[in-house]
Amino acid sequence: MDGPMAERAKQEPFHVVTPLLESWALSQVAGVPVFLKYENVQPSGSFKIRGIGHFCQEMAKKGCRHLVCSSGGNAGIAAAYAAGKLGIPATIVLPENTSLQVVQRLQGEGAKVQLTGKVWDEANLRAQELAKTDGWVNVPPFDHPLIWEGHASLVRELKAVLGTPPGALVLAVGGGGLLAGVVAGLLEVGWQHVPIIAMETHGAHCFNAAIKAGKVVTLPDITSVAKCLGAKTVAARALECMRVCEIHSEVVEDTEAVSAVQQFLDDERVLVEPACGAALAAIYSGLLGIVVIGVGGNNINSQELQALKTQLGQV
């Protein structure tokens, strides 16, 4: 891509302003108004395009010739989409257990796909090796200031619609990129007093484990079905956020997350990933929240939901 179109792609954000809608069903469960930020309508299917799109644009301005990204799905799709908009080749490195649906989606975006390792951390090592090639840039799925800067746009949108601060924000934590971005956004708009409920599933609870240890730790393995929360080590910035905002870390079981996915499908007729189900479980399992962030994701379909329910003995 050359000329005016290339320059335009480097300047205009790749994400769209997403709807913020009150959920009658969730509000009834919580006893307070609950609003949902529908990030599933992003062009890449998740909030990841906010931070990764911003990062890729900045790298393109610096002359990047090839993008490489390690991802359990959503980050890779965001990187592939951004690369396509910028006219830059992309190689996406995924864990071997990534669904065929996500692989095909990436290939449909024009990216080359490599499957390496059991979990994200192993795929990330391969991506770092590839990024040593001259002109190649590794796109970090969550651990970079430009990623957090891009995710902060979500909070600016919340303020534009709500006007006044919500009682709490509920979000799922994987590697900590969304958490770091939301904290950056809260500081930017003067909402740093708004509590954050950070949800994880047991078996992918690297943030909760780090809080208990008082330092970044590495989980021995990812055993949760919420594969998009599957970083064994949380970003150090996520722990630092504890010093500037009120953050409550909560861990739910896979069964609670998948039950929340099914209940949300019944209530709102929207199918989301177990990672999002972890955030929704904050409401369905009795934790109080006002805004749920990040409805969406690509790593789910009706067949996959049925398989997860069978695996967890819910059928």
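The values are calculated or read from the model by the stated rules, or taken from the named source; none is laboratory data. This structure is a prediction, so every number in the text was calculated from the model and none was measured. We place every Cβ from the backbone using ideal geometry, glycine too, and count neighbours over all the protein chains shown. We work out accessible area using only protein heavy atoms, side chains counted, and drop any ligands, DNA or RNA first. Shrake-Rupley method; radii C 1.70, N 1.55, O 1.52, S 1.80 Å.
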If you take the residues of the stretch 123-156 that are among the charged types (D, E, K, R) and crowded, with 18+ Cβ neighbours inside 10 Å, which of them is farthest from His66 (Cα to Cα)?
Glu149
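Of everything in the stretch 219-271, what is of a type in the set (Lys, Arg) and surrounded by 20 or more Cβ atoms within 10 Å (Cβ to Cβ)? Give them in sequence order.
Taking the stretch 219-271 and keeping what is of a type in the set (Lys, Arg), we get 227, 232, 237, 243, 269.
Residues satisfying the conditions are Lys227, Arg237.
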Odd one out for Leu36, checked against (1) under 30 Å from Ala168 (Cβ atoms); (2) outside the structural domain of Val182 (by the TED database); (3) of a type outside the set (Val, Ile, Thr)
(2)
Would you mind stating whether Ile88 is crowded, with 24+ Cβ neighbours inside 10 Å and touching a strand residue (DSSP E or B) at 6+ places or on another chain (Cβ under 7 Å)?
no
Take the stretch 58-75 and flag every residue that is part of a helix (DSSP H, G or I) and either under 11 Å from the mean Cα position of the chain (by Cα) or more than 20 Å from Glu12 (Cα to Cα) (or both).
Asn74, Ala75
Sort out which residues of the stretch 20-57 are in a helix (DSSP H, G or I), open to solvent by 50 Å² or more (accessible area, probe 1.4 Å) and in contact (Cβ under 8 Å) with a residue 60 or more places away in the chain, and write them in order of number.
Val29, Asn40, Val41
Helices (runs of 4 or more DSSP H) contained entirely in the stretch 206-315, each with at least 2 residues that are modelled with pLDDT of 90 or more:
206-213, 236-241, 254-268, 274-284
